[in-house]
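The values are calculated or read from the model by the stated rules, or taken from the named source; none is laboratory data. Predicted, not measured: the structure shown is a model, and the values here were computed from it. Don't worry about glycine lacking a Cβ; one is built from the backbone with ideal geometry, like all the others, and counts go over all protein chains shown.
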Amino acid sequence: MTWVFASIKVLDFVPRKAFYPEPKVDSLIVLLKPRQTPLLSEHEVKKFEIFLGKLFSQRRKVISKVISRTMEIDRSIVESILTENAISPQERVYKIPPQRFLNLFKALMRRGFI
């Protein structure tokens, strides 16, 4: 969600061995620059959070099934919208890049599903 409000730039990689005690993960140093105009309005942000919550409640499932079940939209319509937004209907939720979620969200809003 951060990228809706700010641009994100990775500045450096910090290996886990740089810390004591050593954590189980590596780290990144990032620069966040607030956007002059957020990508969504305040009202849309709340809806987007709910939308992402539904998708990521089943993050390992195929996106077309998750959307059709959680939003009660016919699967063929969902597959058409996904394809129009350069998302494979068989893609797993967790593999989809953030910008595609935003495009998908806006497409579903335009069609009155959100």
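Just for helices (runs of 4 or more DSSP H) wholly inside the stretch 17-114: which have at least 3 residues that are free of Cβ contacts under 8 Å to residues at least 12 places away in the same chain and surrounded by 12 or more Cβ atoms within 10 Å (Cβ to Cβ)?
Fully inside the stretch 17-114 and qualifying: 63-70, 75-84.
List the number of the failed condition for SER57; all other conditions in (1) at pLDDT below 95; (2) in contact with a helix residue (DSSP H, G or I) (Cβ under 7 Å, 6 or more places away or on another chain) hold.
Just one mismatch for SER57, condition (2).
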